[in-house]
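Asker: Handing you this structure, nothing more for now.
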Amino acid sequence: MNIPLSLFKPFTSDKLTLPNRIVMAPMTRGFSPSGVPGPDVADYYRLRAAGGVGLIITEGTGINHPSSVSGENIPLFYGEEALQGWANVVKAVHDAGGKIMPQLWHVGTARRSGDLPNAEAHPVSPSGISMAGEAAYEPLTEEEIQELIQAYAQAAADAKRIGFDGIELHGAHGYLIDQFFWAQTNRRSDKYGGDLVRRTQFAVEVIEACRAAVGPDFPIVLRFSQWKMGSYEARLVESPEELKQFLEPLSAAGVDIFHCSTRRFWLPEFEGSDLNLAGWTQKITGKPAISVGSVGLEAEFVERGSEKQETGDAHLDLLNDKMENGEFDLIALGRVLLSDPEWPLKVKEGHNADIIPFTSEVLSKLH
């Protein structure tokens, strides 16, 4: 296999410059007791920056809302102690020569009643409907929606204040923002519900509020997906025309880069074209797009409980071709970076045989 040189070309947009095209994908780790990232979390991200990752997007971090996350060890993005922990992470990554953005997250009804850290807080969603399509809770009021929007904006402002290089809004995989996007979970009759374009309104107002909080020059990334956790066949859109309707309001609201989450980057999104979701997104919006999905994995995507998942040369030639052709701008890596923080350097130097293979054991610790 030839070295995929397109991975290592510098990236420059109007708000972001990176030494290469490699992004660390956000992956929930849950090693932040009481929501506070400690020195081990700072070192975990530092190692990936030192290993050659151009941009790190952190694991999902809870915005300042009582039901934003599910688990007492999921990192938070509010409160003096948690924000100081994140400031330490930023310094560690910057000292290693990397750049980093937090992923701002609210899980919506992916959270269950009674979950920590706030056991008394009920899950929230646009219409009180669970991902299984069951009416389980009261719909959010418009006042509650405005409170959530301001929580995202405050997190964005704090990210800029403590030195991050941008933010990513988690609008994928069936979590809160995506629950507004998806017709199955958004059955509202006010301005936040209705057809595909109207279902983007909550995200539009989140993006606009974040932009107002950080100013014109701070990068905002939006992650979105067709698939949901536990519903891999779910589809927000069925055609390029519908994707255009979906993306245009989000782009106009202030998204700088779209992070298009797919399970396998090499699969085309729509019939009649080889373009994947990121390729179509870039073509429609004219803005940079991040692709993702099983890069460097020999086998296909499997559940987290699998015994072993190899890393190596899989699909890297195809990835190089797609990036050389300009189909998308950046590529996010997930599991390969959990097993081997130096994956980028090893690939760049042609030392693929030295790559440490991914196994499920790496999920049990930070290293």
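Asker: Can you give the helix-only mean residue ellipticity at 222 nm for the chain, where every DSSP H stretch with n ≥ 4 adds -39500 (n - 2.57) and the sum goes over all residues, rounded to the nearest 500 deg cm²/dmol?
Answerer: Helix contribution divided over all residues of the chain: -9000 deg cm²/dmol.
Asker: Tell me, in nm to one decimal, what length is gained between GLU324 and SER360 on full extension, where the rule is 0.36 nm per residue of separation less the Cα-Cα distance?
Answerer: Values: separation 36, 0.36 × 36 = 12.96 nm, distance 3.24 nm.
Working it through step by step, the gained length comes to 9.7 nm.
Asker: Using DSSP to define loop residues, name the trypsin sites (Lys or Arg not before Pro) in segment 1-81 whose beta-carbon has at most 15 other beta-carbon atoms within 10 Å.
Answerer: The qualifying sites are LYS15.
Asker: Please state, as a whole number in µm²/s, the translational diffusion coefficient that the Stokes-Einstein equation yields for segment 5-363 at 37 °C and 0.692 mPa s, with Rh defined as the Kirkwood radius across alpha carbon pairs. Write out the running numbers ahead of the final one.
Answerer: On the way: Rh = 20.4 Å.
Reported coefficient: 161 µm²/s.
Asker: Quote the FRET efficiency, to the nearest 0.05, computed for ARG263 versus ALA119 with a Förster distance R0 of 30 Å and r equal to the Cβ-Cβ distance.
Answerer: Taking R0 as 30 Å, the efficiency between ARG263 and ALA119 is 0.35.
Asker: Let's see if you can work this out: charge +1 on each Lys and Arg Cβ, -1 on each Asp and Glu Cβ, no other charges. What is the dipole magnitude of segment 5-363 about its Cα centre, in debye to the nearest 20? Working shown, then result.
Answerer: Working: 32 positive and 50 negative charges, 79 e Å.
Here segment 5-363 has a charge dipole of around 380 debye.
Asker: Could you grab the relative contact order for the chain? Cα pairs under 8 Å, six or more apart, rounded to a whole percent.
Answerer: About 17 percent, as a whole number.
Asker: Skip the ligands, DNA and RNA, and give the accessible area per residue of segment 5-363 with a 1.4 Å probe, whole Å².
Answerer: Averaged over the residues of segment 5-363, the accessible area is 38 Å².
Asker: OK, next. What is the extension gain from GLU142 to ASP317, computed as 0.36 nm multiplied by their sequence separation minus the C-alpha to C-alpha distance, in nm to one decimal?
Answerer: Values: separation 175, 0.36 × 175 = 63.00 nm, distance 4.89 nm.
Gain in length upon complete extension: 58.1 nm.
Asker: For the modelled label position 7 Å from the Cα of GLN84 along Cα-to-Cβ, which residues of segment 29-48 have backbone nitrogen atoms closer than 13 Å?
Answerer: Taking a point 7 Å out along Cα→Cβ of GLN84, the residues of segment 29-48 whose backbone N falls under 13 Å are 36-39.
Asker: Okay, next question. Please list, by residue number, everything in segment 334-350 whose backbone N is under 11 Å from a paramagnetic label point 7 Å out along Cα→Cβ of ILE3.
Answerer: 345-350
Asker: While we're here: Taking a 31 Å limit on the Cα-Cα distance, which of the listed pairs LYS91/LYS322; LYS287/LYS365; LYS15/LYS322; LYS99/LYS322 fall beyond it?
Answerer: Values: LYS91/LYS322 34 Å; LYS287/LYS365 36 Å; LYS15/LYS322 24 Å; LYS99/LYS322 24 Å.
Beyond 31 Å: LYS91/LYS322; LYS287/LYS365.
Asker: Please give the length that would be gained between GLU208 and GLU72 if that part of the chain were fully extended, namely 0.36 nm times their separation in residues minus their C-alpha to C-alpha distance (nm, one decimal).
Answerer: 45.9 nm
Asker: Right, next: Estimate the FRET efficiency between ASN352 and ARG187 by the formula 1/(1 + (r/R0)^6), using the beta-carbon distance for r and 35 Å for R0, to the nearest 0.05.
Answerer: Here the calculated transfer efficiency is 0.10.
Asker: For LYS228, give me every one of the aspartates and glutamates with a C-alpha distance below 20 angstrom, ignoring sequence neighbours fewer than eight places off in its own chain.
Answerer: Here the aspartates and glutamates satisfying the reach criterion relative to LYS228 are GLU59, GLU134, GLU168, ASP178, ASP195, GLU238, GLU242, GLU269, GLU300, GLU303.
Asker: Have a look at GLY296, GLY97, GLY215 and tell me which one the Gaussian network model of the chain (Cα, springs below 10 Å) gives the largest fluctuation.
Answerer: GLY215
The values are calculated or read from the model by the stated rules, or taken from the named source; none is laboratory data. Bear in mind the structure is a predicted one, so any value in this text is a computation, not a measurement. Methodologically, a virtual Cβ is constructed for each residue, glycine included, from the backbone with ideal geometry; neighbour enumeration extends over all protein chains shown. Ligands, DNA and RNA are stripped out before the accessible areas are found, and what is left, the full protein with its side chains, is counted by its heavy atoms. Shrake-Rupley method; radii C 1.70, N 1.55, O 1.52, S 1.80 Å.
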